[in-house]
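The structure appears right after this line, and notes come after that.
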Amino acid sequence: MAPVHEQPFDSDAPDASARLAAAAHAVQALPRRRDQLLPALLTAQHALGWLPREAVVHVAEHVRVPVSEVYATATGYSELRMERPVPGTWHVCTGVSCDLLGARALLAAVEAALPGWVRGIDCQFLCALAPVAVDDAERLYGRVTAERVLALARAETEGTVR
Amino acid sequence: MIGPAPTPALARLRAQIAGPHAVPEVRVLRHRGTCGDAVDASARSITVDVPVVDAACDGACWAAPAATVVRPGHRHRFARLDRGVAGALAACVRGECDEPQAGSGEHGLTARLGRNDGTLADVLAQGGYAAYALAATLPPARIIEVLRATGLSGRGGAHFPVATKWGLVAAHEAALAAPKILVVNAEEGEPGVFKDRHLLEGDPHRLIEGILIACRAAGVREVVVYINGQARHARTAFERALADARDAGIVDGSALGGESVAIEVRSGAGGYVCGEESVILNSIEGERPVPRYKPPFATDFGLSGRPTLINNVETLCAVTTIFDTPPPPTKLLPLSGDVPRPGLYEVPVDGAMTWAGVLAMAGASPARVQALLLGGPSGRFVLPEEFDRPLEMRALGAGGTVVLGASADIARITRDLAAYNARESCGECTPCREGTQRLVQLLDDPLANRDRIAALIEVMTEASLCALGGMAGRPVTSALASFPQAFEMPEGSAR
């Protein structure tokens, strides 16, 4: 198995090659210079939702930087996703203000009701509206309760099996 | 507080822009932005027969969802629209209300925050670009003199004198081979800090104005604005404002005078260390996000070897007030935690304001506060006995303040902060890479390990390449000194 940061895109998905091509096309619109490395990675991630190996290799070729250096750079940024995200996953902020206002109990309650579908995450900078939850589209929800997160999570995945 | 009188060029621009886009005298500002959109959306429908326009959060995050009624001589914020205040709001619109309320920011750099609809016309009508219009008529050296007289210090946390930094860059000849550049630090990745995001969302034109003043003073014609990757509303608002300012001829010097400046926007991609200025330079160059050795300093050898001026968003916004009489000696404090009215406060740091005063603004009783965490993972705990002392600008850092109530678990918070620093260490230098990990281990039994913790923190403080490692020991030292008893109990389920 490849290291976690060198995962390939899902080659079984019916639209995989089309999506990779679209990501490559978006990246090609940027100048072919090293200073475009981070913009290119963000562009690819925006198109695909994360950075599979194919996208990293393409970015490397486009900005003319070795693949190893692109990985060395990309893994330094917490917002660049080197692993395929699981759709429907929620995050609960565990920053100090959220923690003070019950984030841990909230996290535990959501985890108990939907095991495996929620994780803690570092400060989301919405501290004045703590506690804060984040959906899989990175939308922020302030002053949440476990009930509200569960209702939102269930509404989002209505009709699908958890 | 009086801003500078409009120059003839500004008066012309105001007339030209205000003509087709007059701002109505009576209107309702609906506070959206990141704060408004993160709470109950059902409160957004406001039905009154005056214009209702979207504005950003005005700093009263606690009030969300909120709206402000503006009538001549009257401004009234209605908090928590989800709690049925629609009737009172409608009465206020009809003029049946004589209780103006607004909250912080009557002047200074939050004066327009969330109180404009985002259009250039609205911002100009509220005094926008008056400082730049004046600066454009002054020789660059004169701007730096005025700035020096205000004593403005860098608001990113280090509080280096801004006039000195500008002077260092201004002193470089404008060389073709290495043209000078301004990098705006809008990364803001310190947990507990949300001030620059508010400034960008709620009054982006103020940042553009500060950028243009800095460029003129330091002889810079190129700018990169590096915005935190998660701050999407902030980037959108800034880009919209930039487009409007360009269309109006403000950025190319045709409307208000001054020089043409090229402004590029970049997004960050996370990481606490990315707020460090040399990390931003590496990030923009496409290198690994790690700090650089200093010297050489960025003012001599910065982005791609060019003389580089790096300023934080709040600093550049504060620059727009240097011509006010008198300039406000204020600092933005993002305040959160166990407090009734968390939000963004602009407080005077003039020798009179105390933490007790800040807590009172936020509705907290100092008697029920155990401590304040000032500065997050690189900060310290402020104890109640300090609450009555005047605030000192340098001691405020970036300003992030978390109020810890009586039940707050100081030991757990300290361990969480240490673990956060260990996760966020970029690994470039040994004292931080190894030290932050080792500190977490030693905190398993901090009282027994007291001497080793002190020795380790000394090495990290003295030898780390940047402030992440250099200041990672601060909350630990502070907690052990002030709350030793908190570490006495055996840890339960917290770890």
The stretch A:8-48 - residue that is of a type in the set (S, T, N, Q) and under 18 Å from A:Val67 (Cα atoms) and, of those, farthest from the other protein chains (Cβ to nearest Cβ): A:Gln28
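Among the residues of the stretch B:77-99, is any hydrophobic (A, V, I, L, M, F, W, C) and in contact with a Gly (Cβ under 7 Å, 6 or more places away or on another chain)? It would help to see each step written out before you state the result.
Just the residues of the stretch B:77-99 that are hydrophobic (A, V, I, L, M, F, W, C), to begin with: B:78-79, B:81, B:85-86, B:88-93, B:97.
If we keep only those that are in contact with a Gly (Cβ under 7 Å, 6 or more places away or on another chain) as well, we get none.
Among the residues of the stretch B:77-99, not one is hydrophobic (A, V, I, L, M, F, W, C) and in contact with a Gly (Cβ under 7 Å, 6 or more places away or on another chain), which makes the answer no.
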Residue under evaluation B:Pro289, criteria (1) assigned to a loop (DSSP other than H, G, I, E, B); (2) modelled with pLDDT under 95; (3) open to solvent by less than 10 Å² (accessible area, probe 1.4 Å), criterion not met: (2)
Neighbours by Cβ (under 6 Å, 6+ apart or cross-chain): first from the stretch A:87-109, among the hydroxyl-bearing types (Ser, Thr, Tyr); second not in a loop (DSSP other than H, G, I, E, B): A:Thr94/A:Ala103; A:Thr94/A:Gly120; A:Ser97/A:Cys127; A:Ser97/B:Ser336; A:Ser97/B:Gly337; A:Ser97/B:Val402
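Conditions (1) assigned by TED's automatic domain parsing to the domain that holds B:Ala136; (2) in a loop (DSSP other than H, G, I, E, B); (3) over 27 Å from A:Thr43 (Cα atoms), marked per residue:
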site	(1), (2), (3)
B:Ala255	yes, yes, yes
B:Glu259	yes, yes, yes
B:Leu281	yes, no, no
B:Pro295	yes, yes, yes
B:Leu309	yes, no, yes
Test result for B:Arg235, out of contact with any Cys (no Cβ under 7 Å at 6 or more places or on another chain) and free of Cβ contacts under 8 Å to residues at least 40 places away in the same chain: yes
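Mind checking which residues of the stretch B:121-135 are assigned to a loop (DSSP other than H, G, I, E, B) and either polar (S, T, N, Q) or farther than 19 Å from B:Gln16 by Cα (or both)? So that I can check it myself, show each step before the final result.
Within the stretch B:121-135, the first condition is being assigned to a loop (DSSP other than H, G, I, E, B), and the residues that meet it are B:126-129.
Residue satisfying the conditions is B:Gln126 alone.
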Within the stretch B:90-114, tally of residues that are part of a loop (DSSP other than H, G, I, E, B) and modelled with pLDDT of 90 or more: 7
Given (1) over 19 Å from B:Ser336 (Cβ atoms); (2) in contact with an Asp or Glu (Cβ under 7 Å, 6 or more places away or on another chain); (3) within 14 Å of another protein chain (Cβ to nearest Cβ), index of the condition B:Gly405 fails: (1)
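If we scan the stretch B:10-18, do we find a residue that is in the same structural domain as B:Ala86 (by TED's automatic domain parsing), more than 26 Å from B:Gly87 (Cβ to Cβ) and either open to solvent by less than 40 Å² (accessible area, probe 1.4 Å) or touching a residue at least 60 places away in the same chain (Cβ under 8 Å) (or both)?
no
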Whichever residue in the stretch B:34-93 is among the β-branched types (Val, Ile, Thr) and within 11 Å of chain A (Cβ to nearest Cβ) and, among such residues, is most open to solvent (accessible area, probe 1.4 Å): B:Thr34
Subset of the stretch B:250-278 (residues that are more than 8 Å from chain A (Cβ to nearest Cβ), hydrophobic (A, V, I, L, M, F, W, C) and free of Cβ contacts under 8 Å to residues at least 60 places away in the same chain): B:Val251, B:Val261, B:Ala262, B:Ile263, B:Val265
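Considering only the stretch A:30-63, state which residues are in contact with a strand residue (DSSP E or B) (Cβ under 8 Å, 6 or more places away or on another chain) and either surrounded by fewer than 17 Cβ atoms within 10 Å (Cβ to Cβ) or closer than 12 Å to A:Arg81 by Cβ (or both).
Initial filter on the stretch A:30-63 (in contact with a strand residue (DSSP E or B) (Cβ under 8 Å, 6 or more places away or on another chain)): A:38-39, A:42.
Passing the criteria: only A:Leu42.
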Set B:Ala60, B:Ala136, B:Ala90, B:Ala121: member being in the same structural domain as B:Ile250 (by TED's automatic domain parsing) and in contact (Cβ under 8 Å) with a residue 12 or more places away in the chain: B:Ala136
Some residue of the stretch B:193-214 being more than 15 Å from the chain's Cα centre (by Cα), over 21 Å from B:Asp58 (Cα atoms) and acidic (Asp, Glu): no
Qualifying positions in the stretch B:279-298 - small (Gly, Ala, Ser) and facing chain A (nearest Cβ under 7 Å): B:Ser283, B:Gly286
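How about the stretch A:1-78: which helices (runs of 4 or more DSSP H) wholly inside it have at least 2 residues that are among the hydroxyl-bearing types (Ser, Thr, Tyr)? Quick ask: steps written out before the conclusion?
Working: elements: A:16-28, A:37-48, A:53-63, A:67-74.
Per the criteria, A:67-74.
Taking A:Asp99, is it of a type in the set (D, E, K, R) and in the same structural domain as A:Cys127 (by TED's automatic domain parsing)? Write out each step before concluding.
Details: of a type in the set (D, E, K, R): yes; in the same structural domain as A:Cys127 (by TED's automatic domain parsing): yes.
So A:Asp99 passes the test.
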Members of the stretch B:420-431 found to be more than 10 Å from chain A (Cβ to nearest Cβ) and not in a loop (DSSP other than H, G, I, E, B), listed by number: B:Asn421, B:Ala422, B:Thr430, B:Pro431
Selection count where residues are within 11 Å of chain B (Cβ to nearest Cβ) and open to solvent by 50 Å² or more (accessible area, probe 1.4 Å), scope the stretch A:64-85: 5
Candidates B:Gly337, B:Gly305, filtered to the one that is crowded, with 24+ Cβ neighbours inside 10 Å and within 13 Å of chain A (Cβ to nearest Cβ): B:Gly337
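The values are calculated or read from the model by the stated rules, or taken from the named source; none is laboratory data. Please read these numbers as outputs of a predicted model, since none were measured by experiment. All Cβ positions, even for glycine, are placed from backbone atoms using ideal geometry, and neighbour counts span all protein chains on display. In case anyone asks, the SASA skips ligands and DNA or RNA and just uses the protein heavy atoms, side chains included. Shrake-Rupley method; radii C 1.70, N 1.55, O 1.52, S 1.80 Å.
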